[in-house]
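K.L.:
Can you keep this structure in mind? I'll have questions shortly.
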Amino acid sequence: MEPPPFNQLIGHLQAVELLIRAVTLQRIAPAYLFVGPPGVGRGLAAENFAELLLGFPVDPQSLPSDETSKLTRLRHRIQQHNHPDLLWVKPTYLHQGRRVTADEAMALGLKRKSPAKIRLEQVREIARFLSRPPLEAPRSVVVIEQSETMAEAAANALLKTLEEPGQATIILMAPDSNALLPTLISRCQCIPFTRLNPEQIAQVLTQTDNGEILNQPEVLAIAQGSPGQAIASWRQLQTIPPELLASLNSPPNSIKGALELARSITQALDTEAQLWLVDYLQQCYWRSAQLNQVDTLRCLEDARRHLLSYVQPRLVWEVTLMGLV
């Protein structure tokens, strides 16, 4: 028998109670904002909530056994994001005139020069998707990951859709409410998600066959209570050349060494990986008793800000590493 929705979600009891109550009382809001850090279970909660909205019962064990196969197919389609009444929107990069997600960019081996974002064309696709009635389910569902990456034009276009979503529910995800326009937030019901405690993180990592991450203190420190971030950081760590990591175990001890290291970083890593490297170095250098941690962290934080402002990466790393000599 299929387990009920939210069965695999660890923690977030308040969020689960709010969502289940909305369905059982048939008081479903036209839009929800899942607020909380990435990697703590917001995506899984959105999938589970979509199951309920698209026809999966709150208590599947009360149904006859012959309904199990139907529920299994429904759950699989939702998990694969290919249900006709579900539109799952992810931030994208532009590559040769077409949009690609982060997973597709990694598979293609693309050099990511700027963070992915939700684009105006994607918001227009949402409007077209909601312009038709649902085909199989009682309502349509749209999930927007990293909605904080929307530019103002895309956010304003989405605002029109939120005002009249029709027979649909829209779920936005953002790290905090300040990341979105107040006009968007006012049209959503906020559902809070918090960071997990160490025991919950260990449970998630063990269940997902990522237990080896528990022996990586820098990776766990970067994650800050987010098992999803821990897994992403661990995977990113595997892509960094070992010799480059070894050379970064401590700051360079000469100007020449700083310039050579800056060249190595920019040749080996794209901008997205360099932003992760800033987090990694902050954790590594913070643990070093030989450094002035405050000045070091400030220097690396300046590097992050400049990388996000599209300053030439090699120049950023040259200035940063010379400042750490």
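The values are calculated or read from the model by the stated rules, or taken from the named source; none is laboratory data. None of these values were measured; they are calculated from a predicted model. Don't worry about glycine lacking a Cβ; one is built from the backbone with ideal geometry, like all the others, and counts go over all protein chains shown.
Conditions (1) under 21 Å from F6 (Cα atoms); (2) of a type outside the set (G, A, S); (3) at pLDDT 90 or above, marked per residue:
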| position | (1), (2), (3) |
| --- | --- |
| S177 | no, no, no |
| P192 | yes, yes, yes |
| L196 | yes, yes, yes |
| A202 | yes, no, yes |
| T208 | yes, yes, yes |
| G211 | no, no, yes |
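K.L.:
Let me ask something else about it. If the Cβ limit is 6 Å and pairs must be 6+ apart or interchain, which residue in the stretch 238-267 that is closer than 27 Å to N210 by Cα pairs with which residue that is part of a helix (DSSP H, G or I) and of a type in the set (G, A, S)?
P.N.:
Going by the 6 Å Cβ cut-off, the qualifying pairs are P241/A268; L244/S264; L244/A268.
K.L.:
Those residues that are assigned to a loop (DSSP other than H, G, I, E, B) and among the hydroxyl-bearing types (S, T, Y), I need them from the stretch 273-325; list them, please.
P.N.:
Matches in the stretch 273-325: S288, S309, Y310.
K.L.:
Go through A151, A168, A127, A223 for me and flag whichever is surrounded by 19 or more Cβ atoms within 10 Å (Cβ to Cβ), over 25 Å from L18 (Cα atoms) and not aromatic (F, W, Y).
P.N.:
Only one candidate passes the filter, namely A223.
K.L.:
Applying the selection to the stretch 9-37, what residues are touching a strand residue (DSSP E or B) at 6+ places or on another chain (Cβ under 8 Å) and surrounded by fewer than 18 Cβ atoms within 10 Å (Cβ to Cβ)?
P.N.:
Q14, L18, I28, A29, listed by residue number.
K.L.:
What number goes with the only condition from (1) out of contact with any Lys or Arg (no Cβ under 6 Å at 6 or more places or on another chain); (2) buried (at least 17 other Cβ atoms within 10 Å of the Cβ); (3) not assigned by TED's automatic domain parsing to the domain that holds I28 that Q203 does not pass?
P.N.:
(2)
K.L.:
Yes or no: the stretch 45-52 includes at least one residue that is surrounded by fewer than 18 Cβ atoms within 10 Å (Cβ to Cβ), assigned to a helix (DSSP H, G or I) and touching a helix residue (DSSP H, G or I) at 6+ places or on another chain (Cβ under 6 Å).
P.N.:
no
K.L.:
Ok, one more. Has the stretch 231-250 got any residue that is surrounded by 15 or more Cβ atoms within 10 Å (Cβ to Cβ), out of contact with any helix residue (DSSP H, G or I) (no Cβ under 8 Å at 6 or more places or on another chain) and in a helix (DSSP H, G or I)?
P.N.:
yes
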